[in-house]
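The values are calculated or read from the model by the stated rules, or taken from the named source; none is laboratory data. A quick note: this is a predicted structure, and the numbers were derived from the prediction, not measured. For neighbour counting, all protein chains shown are included, and Cβ atoms are generated from backbone atoms with ideal geometry for every residue, glycine included.
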């Protein structure tokens, strides 16, 4: 269970700009970003979660470029569309955004939407603080940043368990985690800009 004591107060202390505060919740795959975002959304009035995963490139597109096996790596997201939407979120009262159906492994266009009542936007994703191009262009968009810090050994355990929950055998789940997820996790750990708040959870 994640206890986000103190983080909600820190976020609420951040001034809104043009009517909204935009918060980045970053971390490696399986670090608990979605869970933390959901907890904070319940604790903060007028908060809405906006997931980076809604900007996965389509599987057919990835397959055509030989990238399907690397899905989840930085270059398998539509960063341009993601950054454009985050910018629009600053001052657009009504704004639909895509979400991701993990079971079906596909993006859901217009899966959720911001409303005029939403003044705290909790953007969660792996690469929000990445210093490498083109992700580095997103760094100025955040009003407050949080990084989840989880040991790689624990991330590996969680990632293998996640793949097993989708029906993969232990060997296949381990192979998938080690071939793609863990390299992505190491990239997040090694190449992310410093966050305003580090959230350690293991």
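Just a few scattered comments:
- Residue in the stretch 13-28 that is outside any loop (DSSP other than H, G, I, E, B) and modelled with pLDDT under 95 present: yes
- Qualifying positions in the stretch 165-201 - within 16 Å of residue 102 (Cβ to Cβ) and surrounded by 16 or more Cβ atoms within 10 Å (Cβ to Cβ): 168, 173, 176, 177, 180, 181, 184
- Residues of the stretch 29-52 classified as in contact with a helix residue (DSSP H, G or I) (Cβ under 6 Å, 6 or more places away or on another chain) and assigned to a loop (DSSP other than H, G, I, E, B), total: 3
- Condition met for residue 104 (out of contact with any helix residue (DSSP H, G or I) (no Cβ under 8 Å at 6 or more places or on another chain) and modelled with pLDDT under 95): yes
- Unique match (being closer than 23 Å to residue 36 by Cα and more than 15 Å from the chain's Cα centre (by Cα)) among 149, 101, 118: 118
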